[in-house]
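Everything on this sheet refers to the single structure shown next.
The values are calculated or read from the model by the stated rules, or taken from the named source; none is laboratory data. Everything numeric in this text was worked out from a predicted model, so none of it was measured. With ideal geometry, Cβ positions are generated from the backbone for all residues, glycine too; neighbour counts draw on all protein chains shown.
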Amino acid sequence: MTSAPMDSVTVRVPAKVNLQLAVGPLRDDGYHDLVNVFHAVSIYDYVTAVAADSFSVRVVGEEADLVPDGPDNLAIRAARALAARADRPLAARLTIRKSIPVAGGMAGGSADAAGALVACNDLWKLGLPREELLDIAAEIGSDVPFALFGGTAVGTGRGERLTAVPTGGRFHWVFALAEGGLSTPAVYGRCDRLREARGERPAPPKESPALMAALREGDADALGAELVNDLQEAAVALRPSLAATLDAGRERGALGAIVSGSGPTCAFLVAGESKADDLARALTGSAVCRAAVTAYGPVRGALAGAGGHPVGIT
């Protein structure tokens, strides 16, 4: 016999930045083999699930009008997949409060899907373990498992197979937010065409030993020098203004500058919190982005409840 359901559950879920995104050859299934070093940062969306007779989603906050509020919403897809796995007539009304940039290369939609999985698992008293939630997450999208996992991790395959990476300290970031988003499929497609035009045959991707060492040692200077994203050239080709944004951060003292994921958000690693504040103000005043925000990492994955207690994951 199950206990009475909760009235609602709220889950906090983080954005990510890719410290290394190595893109291998195009596979027969249309995906690329990846080595994707994910790093969860302190920019959050909040997903609230309330028991209901049918599924629905409402999106509020920054750029909410850009997020689908129908069946294509990843959070709704995740909640439906969880109900199907439970094989019970369950439903929920979801509210998503956005702070993670939409279509910005920081996995906001994937984060919302992860938040919905954790919230509904708790709301419905299913008690599904971490491994099963990760399995469902991988069915929804390649970045969804990491939003559950959090911290710093290497993703292989499509990025969904995760291995935790020991990290020796806190890293401070500035994120330059762009006007509008970029389509992830369009960026991958441009990457493939650029390689084809040069006659390149990408090798199977491998993680960077120097980047792993910098993470273990908590060495921000070394980490900044090792940031790499194979999609960056394609993102800049589709959005040439990103080149000026990256240059502006480097010129103002960033230890490393990179397009996050498929972009167009640009990420800058800096030496500390005060440096982050200084760079964010400088970028905001330089007209190379619509806004700049500070964050730190690594942070934990999806958390539920006002006290931020972990649900379903450690």
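Out of Ala107, Ala92, I need the residue that is surrounded by 19 or more Cβ atoms within 10 Å (Cβ to Cβ) and on the phi > 0 side of the Ramachandran plot. Which one?
Criteria check complete, one pass: Ala107.
Can you work out which of the residues in the stretch 134-171 that are among the aliphatic types (A, V, I, L, M) and in a helix (DSSP H, G or I) is surrounded by the fewest Cβ atoms within 10 Å (Cβ to Cβ)?
My answer is Ala138.
Given the criterion within 29 Å of Glu226 (Cβ to Cβ) and among the β-branched types (Val, Ile, Thr), identify the matching residue among Ile100, Ile96, Ile76.
When all the criteria are applied, what remains is Ile100.
If Leu194 passes every condition in (1) surrounded by fewer than 17 Cβ atoms within 10 Å (Cβ to Cβ); (2) at pLDDT below 95 but one, which one does it miss?
Condition (2) is where Leu194 drops out.
Suppose the filter is surrounded by fewer than 24 Cβ atoms within 10 Å (Cβ to Cβ), not assigned by TED's automatic domain parsing to the domain that holds Ala234 and not in a helix (DSSP H, G or I); does Pro101 pass it?
The answer is no for Pro101.
Among the residues of the stretch 114-124, are any closer than 21 Å to Ala186 by Cα, assigned to a helix (DSSP H, G or I) and not acidic (Asp, Glu)?
no
Can you confirm whether Glu131 is acidic (Asp, Glu), surrounded by fewer than 23 Cβ atoms within 10 Å (Cβ to Cβ), touching a residue at least 40 places away in the same chain (Cβ under 8 Å) and not in a loop (DSSP other than H, G, I, E, B)?
Spelling it out, it is not the case that Glu131 is acidic (Asp, Glu), surrounded by fewer than 23 Cβ atoms within 10 Å (Cβ to Cβ), touching a residue at least 40 places away in the same chain (Cβ under 8 Å) and not in a loop (DSSP other than H, G, I, E, B).
I need every pair where a residue in the stretch 246-267 that is more than 18 Å from Pro185 (Cα to Cα) has its Cβ under 6 Å from the Cβ of a residue that is of a type in the set (Ser, Thr, Tyr) and not in a helix (DSSP H, G or I), sequence separation at least 6 or different chains.
If the second residue must be of a type in the set (Ser, Thr, Tyr) and not in a helix (DSSP H, G or I), the pairs left are Ala248/Ser286; Ala267/Ser260.
Would you please list the contacts, defined by Cβ atoms under 8 Å and residues six or more apart or on different chains, that run from a residue in the stretch 50-70 that is among the aromatic types (Phe, Trp, Tyr) to a residue that is surrounded by 12 or more Cβ atoms within 10 Å (Cβ to Cβ) and not in a loop (DSSP other than H, G, I, E, B)?
Phe55/Ile76; Phe55/Ala79; Phe55/Arg80; Phe55/Ala92; Phe55/Arg93; Phe55/Leu94
When the stretch 265-306 is examined, which residues are found to be assigned to a strand (DSSP E or B), of a type outside the set (Ser, Thr, Tyr) and crowded, with 16+ Cβ neighbours inside 10 Å?
Cys266, Ala267, Phe268, Leu269, Val270, Ala292, Val293, Ala295, Gly297, Arg300, Leu303, Ala304
Please go through the stretch 57-76 and give me each residue that is more than 12 Å from Leu94 (Cβ to Cβ), among the aliphatic types (A, V, I, L, M) and in contact with a strand residue (DSSP E or B) (Cβ under 7 Å, 6 or more places away or on another chain), ordered by number.
Correct list: Ala64 only.
For every residue, the table says whether it meets (1) closer than 22 Å to Val154 by Cα; (2) small (Gly, Ala, Ser); (3) in contact with a Leu (Cβ under 6 Å, 6 or more places away or on another chain); (4) in the same structural domain as Ala287 (by TED's automatic domain parsing).
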position	(1), (2), (3), (4)
Asn229	yes, no, yes, yes
Ala237	no, yes, no, yes
Glu251	no, no, no, yes
Ala267	yes, yes, no, yes
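Specify the residue that is nearest to Thr284 (Cα to Cα); the eligible residues are those in the stretch 172-231 that are in a loop (DSSP other than H, G, I, E, B) and touching an Asp or Glu at 6+ places or on another chain (Cβ under 9 Å).
Once the filter is applied, the top-ranked residue is Gly181.
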